[in-house]
Amino acid sequence: MKKNNINKILKVMKKLRDPEEGCPWDKKQTLNTIIPHSIEEVYEVAEQVYKKNYNKLKEELGDLLFQVIYMCEIASEKNKFNFNDVVDEITKKMIK
């Protein structure tokens, strides 16, 4: 995996949410409105695990990761936290 892959998808998310040039659908989403999409992605991940379909699982895990990135971007826009804060928190938690 290339080290800059995560930065690339974070930039894509910022572009989608850009107030002036972003995607109209993405710009209007909130943490509350994005939750059903995140839940759906969890179910799709589980389905592929049960099916042992690892190629499709890789795709679904990407979709789930994108939901995490989406929520982090919305939180960042509200000056609450960002994706790196979430990574730091889980890293500390796993080390502890």
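Readers should treat all values here as calculations from the given coordinates under stated rules, not as data from a laboratory. Predicted model only: the values in this text are computed from it and were never measured. Please note: Cβ atoms are built from the backbone with ideal geometry, for glycine as well, and neighbour counts cover all protein chains shown.
Brief remarks on what is shown
- The equivalent ellipsoid of the chain has semi-axes of 23, 18, 14 Å, largest first, where each one is the square root of 5 times an eigenvalue of the Cα gyration tensor.
- Using a cutoff of 8 angstrom between alpha carbon atoms and counting only pairs six or more residues apart, the relative contact order for the chain works out to 21 percent.
- Projected label points at LYS78 and ASN55, each 7 Å from Cα along the beta carbon direction, are separated by 4.0 nanometres.
- Three-way shape label, segment 53-96, alpha-carbon gyration tensor, a/c 1.5: oblate
- With both labels modelled 7 Å from their Cα along Cα-to-Cβ, the LEU64 to ILE34 distance reads 1.7 nm.
- The chymotrypsin sites (Phe, Trp or Tyr not before Pro) found in the chain that occupy coil by DSSP, while having at most 15 further C-beta atoms within 10 Å, are PHE81.
- Rounded, prolate or oblate (a/c below 1.5 giving rounded, otherwise prolate when a/b exceeds b/c) for segment 1-55 by Cα gyration tensor: oblate
- Segment 7-51: trypsin sites (Lys or Arg not before Pro) in DSSP coil with no more than 14 other Cβ atoms inside 10 Å: LYS28
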